[in-house]
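Read through the structure below, which is laid out as structure tokens, and then see the notes.
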Amino acid sequence: MANSLNTVALVGNLTRDPELKQLPSGAAVTELSIAVNERVKRGEEWEDYGNFFDVTVWGRQAENAVKYLAKGRPVAVQGRLRQERWENENGDKRSKVKVVAHTIQFLGSRENGSQGASGGNPQSEHTPAASQDDLPF
């Protein structure tokens, strides 16, 4: 389909510290997990509902994420969705949708999250600062 569109923008908090891996090719990849909360009305009461997303970050942004991010830190992620499919040991087919990040914006300060690395600027030259006007919602 020539007119397909696959894009996602999320703002949430890291649920665990980022994990950096180096591939045999030398490429850096980091796996993140973020929680995006929403308020849902159930009857007369409002409840928080948590959505959890796995995010894959590549290259320099992956290296910076490990340096400057920690559990609890707020982030904005823009990217695309990717469905992974596999069979488990019983032959049952499984699938999971992950976010492949194009850009990741570090929000708040390191003091707002858990302990992060100190020093340096968390912005990479490939990650422009986002303002409220830049967010699509």
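The values are calculated or read from the model by the stated rules, or taken from the named source; none is laboratory data. Here the structure is a predicted model, which means the values were calculated and not measured. Please note: Cβ atoms are built from the backbone with ideal geometry, for glycine as well, and neighbour counts cover all protein chains shown.
Quick notes on this one:
- If the condition is being surrounded by fewer than 14 Cβ atoms within 10 Å (Cβ to Cβ) and assigned to a loop (DSSP other than H, G, I, E, B), then the range 17-52 contributes LEU23, PRO24, SER25, GLY26, ALA27, GLY43, GLU44.
- Applying a threshold of 7 Å to beta carbon distances and a minimum spacing of six or more residues, or different chains, the list of pairs starting in the range 1-22 at a residue that is more than 12 Å from SER33 (Cα to Cα) and ending at one that is among the charged types (D, E, K, R) and in a strand (DSSP E or B) reads ASN6/ARG80; THR7/ARG80; VAL8/ARG80.
- For the range 1-31, filtering for residues that are among the hydroxyl-bearing types (Ser, Thr, Tyr) and within 19 Å of ARG80 (Cβ to Cβ) leaves 3.
- Within the range 66-83, one or more residues are exposed (fewer than 11 other Cβ atoms within 10 Å of the Cβ) and either at pLDDT 95 or above or more than 18 Å from ALA27 (Cβ to Cβ) (or both).
- One residue alone among ARG94, ARG60 is loosely packed, with under 11 Cβ neighbours inside 10 Å and either under 16 Å from GLU19 (Cα atoms) or not polar (S, T, N, Q) (or both), and that residue is ARG94.
- Unique match (being within 15 Å of LYS98 (Cβ to Cβ) and of a type in the set (Asp, Glu)) among GLU19, GLU44: GLU19
- Scanning the range 1-54 for residues that are of a type outside the set (Ser, Thr, Tyr) and touching a helix residue (DSSP H, G or I) at 6+ places or on another chain (Cβ under 6 Å) yields a count of 4.
- Residue check for ALA9: in contact with a strand residue (DSSP E or B) (Cβ under 7 Å, 6 or more places away or on another chain) and not charged (D, E, K, R): yes
- No other residue among VAL100, VAL57 is touching a helix residue (DSSP H, G or I) at 6+ places or on another chain (Cβ under 6 Å), at pLDDT 95 or above and not charged (D, E, K, R) apart from VAL57.
- GLN61 falls short on exactly one of the conditions (1) more than 16 Å from VAL99 (Cβ to Cβ); (2) outside any strand (DSSP E or B); (3) touching a strand residue (DSSP E or B) at 6+ places or on another chain (Cβ under 7 Å), and that condition is (1).
- Taking the criterion of being surrounded by 11 or more Cβ atoms within 10 Å (Cβ to Cβ) and either hydrophobic (A, V, I, L, M, F, W, C) or in a loop (DSSP other than H, G, I, E, B) (or both), the residues of the range 4-16 that qualify are VAL8, ALA9, LEU10, VAL11, LEU14, THR15, ARG16.
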